[in-house]
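Colleague: My structure is below; once you've seen it, I'll send some questions.
The values are calculated or read from the model by the stated rules, or taken from the named source; none is laboratory data. Owing to the predicted nature of the structure, the values given are computational and were not obtained by experimental measurement. We place every Cβ from the backbone using ideal geometry, glycine too, and count neighbours over all the protein chains shown.
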Amino acid sequence: MEEANHVMYVYLPLRFLTAAFGPSGPHLSFVSRDLYIASSFPHLPSTLLHELSSSPNQIDSLLPPPRLPFSLPSKLNASFIFSLFQTIHMGFIPNNKDNEVPTEPRKEEKKEAVEEEEFVDRSVSNLIVRITELYVGICDLPCLQPSPQTNSLFTDLVAACIPPYPSLSLSSLSTTTLAMRKHLISLCSAAESHLERHYSALLLPLALSSSSLLPHLTLFPYFSNYVSLSLLESSLLLSHLPHPPTHLAFLGSGPLPLSSIVLASRHFTSSFFHNYDLDPKATAMAASLVSADFILSSRMEFITADAGAIGESLHRYGVVFLAALVGFNREEKAAVVEHLARHMAPEAMLVVRSAHGARMFLYPVVEPEDLKGFEVLSVYHPDDEVINSVIIARKPAAVQAGGGAATALAGSCKCCERKAMFNGHGGPIMADDLKLEELPSGF
């Protein structure tokens, strides 16, 4: 390409993403079915672009020939989309300064460092291409309810996101990838809700017939993940608590409240669980399911409420769990955390589920510095099939005058470097036995 300031806008209406690359400059335009790669020279009016989008045959006569490392196929297919996306992501098309391909090699870098960087870039690029492929497949599904095709796509998506990618972070993603991630998380949330509703309805008659829910929970395909995650969370919590809490709240419990069920039946066997969900249908399904188990239901309550609207009730809970999908983006999550900091009791604990590495394509990311008003105690990033990261935080005894949230505190926060370990009897090994790393001051 002769000019380094070309800009390309990629539009995949309804079923892909919208993104813009780079600063202003000369543009090129192409159109084909639902894939619309729109651009122009700066002086070309938007009305003409609109006409071009509806009249692809005019485009060759009105705009200069393409200067791209590929040609547009007559019939759009998935392979072309993937190659286009990979081409953009790998930097063959100049975009913003952060993603520009250097015209000259960095002579000061050693060969080994360059090779390692290239390998990391390739692995991340291959991951993005794979996730894009699965994303397109998910978008093409007629619905997100459980089916062999739906289950297969989401299983493959989870498998693609499990391996560690240390260099991968939100700040390293292009605008295109961030747009895809945002939509993908919403699709994962909807599919997860459908899956939980399906199994909640399936488990209810089994629980009613046996007056017990627990023996049937293994029918849920990801039950073992909930067992592992709950074991981890309870271990980290108990390392910071003098005794188990009397009352716990779970915000975002859903139609199949497996986290609360596992925590109540295995780890906090005398605690009372208050489960909140914004969806009244989800609350009703969860309440009906748990009511079939007399022993478990005596310590469970289900309430329909927005997490950001729960008021003085929060003051009674010694521990509050915040589900990963309560707040889809950083702003929404921050608003919920600020509300909790305002209304939770002093010295109450907050358990926040987050995501790290490629798992951030499945769930929103929460960083320790996002938990303003809390003292962050532990941060744990799994390296196994447990998807969610876990942050343990505590509301300090003293808050700002007027009830406002204090700033994020520094000093005692620790970060678990590796996965937690447990003794042979299934009991937790306390935090002192975990490999911990002090976080830098300011968290």
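Colleague: Just one of (1) aliphatic (A, V, I, L, M); (2) in contact with a helix residue (DSSP H, G or I) (Cβ under 8 Å, 6 or more places away or on another chain); (3) part of a helix (DSSP H, G or I) trips up A284, so point out which.
Modeller: Going through the list (1) aliphatic (A, V, I, L, M); (2) in contact with a helix residue (DSSP H, G or I) (Cβ under 8 Å, 6 or more places away or on another chain); (3) part of a helix (DSSP H, G or I), A284 breaks only (2).
Colleague: Of all residues in the range 360-383, which are among the charged types (D, E, K, R), farther than 23 Å from P163 by Cα and part of a loop (DSSP other than H, G, I, E, B)?
Modeller: Let us first name the residues in the range 360-383 that are among the charged types (D, E, K, R), namely 367, 369-370, 372, 375, 383.
When the remaining residues are screened for being farther than 23 Å from P163 by Cα, the result is 369-370, 372, 375.
Listed by number, the list holds a single entry, K372.
Colleague: If you check L325 against the conditions, is it closer than 21 Å to L231 by Cα and either in contact with a Gly (Cβ under 8 Å, 6 or more places away or on another chain) or assigned by TED's automatic domain parsing to the domain that holds S209 (or both)?
Modeller: Numbers: closer than 21 Å to L231 by Cα: yes; either in contact with a Gly (Cβ under 8 Å, 6 or more places away or on another chain) or assigned by TED's automatic domain parsing to the domain that holds S209 (or both): yes.
When the stated conditions are applied, L325 passes them.
Colleague: So is N388 modelled with pLDDT of 95 or more and in the same structural domain as S234 (by TED's automatic domain parsing) or not? Break it down stepwise before answering.
Modeller: Numbers: modelled with pLDDT of 95 or more: yes; in the same structural domain as S234 (by TED's automatic domain parsing): yes.
Spelling it out, N388 is indeed modelled with pLDDT of 95 or more and in the same structural domain as S234 (by TED's automatic domain parsing).
Colleague: Within the set of pairs 6 or more residues apart or between chains, which connect a residue that is not assigned by TED's automatic domain parsing to the domain that holds S239 inside the range 264-293 to a residue that is crowded, with 21+ Cβ neighbours inside 10 Å and assigned to a helix (DSSP H, G or I) with Cβ atoms less than 9 Å apart?
Modeller: So the pair list comes out empty.
Colleague: So, of the residues in the range 159-168 that are closer than 26 Å to Y222 by Cβ and touching a helix residue (DSSP H, G or I) at 6+ places or on another chain (Cβ under 9 Å), which turns out to be surrounded by the fewest Cβ atoms within 10 Å (Cβ to Cβ)? Working first, answer last.
Modeller: Of the residues in the range 159-168, the ones closer than 26 Å to Y222 by Cβ are 159-166, 168.
Right, trim to touching a helix residue (DSSP H, G or I) at 6+ places or on another chain (Cβ under 9 Å) and you get 160-166, 168.
Numbers: A160: 17, C161: 21, I162: 16, P163: 12, P164: 13, Y165: 17, P166: 8, L168: 20.
Of everything passing the filter in the range 159-168, P166 is surrounded by the fewest Cβ atoms within 10 Å (Cβ to Cβ).
Colleague: Something else about it: Which residue out of L231, L219, L204 is surrounded by fewer than 18 Cβ atoms within 10 Å (Cβ to Cβ), at pLDDT 95 or above and either of a type in the set (G, A, S) or in the same structural domain as V390 (by TED's automatic domain parsing) (or both)?
Modeller: Details: L231 fails: surrounded by fewer than 18 Cβ atoms within 10 Å (Cβ to Cβ); L204 fails: surrounded by fewer than 18 Cβ atoms within 10 Å (Cβ to Cβ).
Within the list L231, L219, L204, the selection yields L219.
Colleague: If we only count helices (runs of 4 or more DSSP H) wholly inside the range 139-243, which ones have 2 or more residues that are in contact with a His (Cβ under 6 Å, 6 or more places away or on another chain)? Steps first, answer last, please.
Modeller: On the way: elements: 148-161, 175-210, 223-238.
Of the helices (runs of 4 or more DSSP H) lying wholly inside the range 139-243, those with at least 2 residues that are in contact with a His (Cβ under 6 Å, 6 or more places away or on another chain) span 175-210.
Colleague: Additional query: Go through the range 199-218 and give me each residue that's without any contact (Cβ under 8 Å) to a residue 24 or more places away in the chain and under 22 Å from A323 (Cα atoms). It would help to see each step written out before you state the result.
Modeller: We begin by selecting, within the range 199-218, every residue without any contact (Cβ under 8 Å) to a residue 24 or more places away in the chain; these are 202, 205-206, 209-210, 215-216, 218.
Residue satisfying the conditions is T218 alone.
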